[in-house]
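Each remark here refers to the structure printed beneath this line.
The values are calculated or read from the model by the stated rules, or taken from the named source; none is laboratory data. All of these numbers come straight from a predicted model, not from anything done at the bench. With ligands, DNA and RNA removed, areas are computed over all heavy atoms of the protein, side chains included. Shrake-Rupley method; radii C 1.70, N 1.55, O 1.52, S 1.80 Å.
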Amino acid sequence: MASRMTKETNKKLMEFIDPEYWKRIPFFIRSHATSKTFEKLANEHPDLYDAVANSSDDVPEDIKGKVRDFIDTVFQEKMKKHNL
């Protein structure tokens, strides 16, 4: 079951994006790329999305690692697919 997505949670998730990937994404599709990645996280791993959403300031290290791994994997796949 998918989590309810929020702008606040998506802002928190922005810190998990590797700066190298961010630089390689054309500026005009960055918003789309991040929103779809966060939507995929909410749908496939609602527990991780909710853990980030429910953390007040500091996300626990184990959750950070899992979320970062998920986002990196999605971005690697998309970069390879689009030859970026």
Starting from the Kirkwood Rh over alpha-carbon pairs, what translational D in µm² s⁻¹ does the chain have by Stokes-Einstein at 37 °C and 0.692 mPa s?
252
Ser35, Ser55, ranked by accessible area, largest first (probe 1.4 Å)
Ser35, Ser55
Taking the chain and dividing mean pair separation by its residue count, relative contact order in percent (alpha carbons under 8 Å, at least six apart)
41
Which pairs break 21 Å Cα to Cα here: Lys40/Lys64; Lys12/Lys66; Lys7/Lys40; Lys12/Lys80; Lys12/Lys81; Lys7/Lys80?
Lys12/Lys80; Lys12/Lys81; Lys7/Lys80
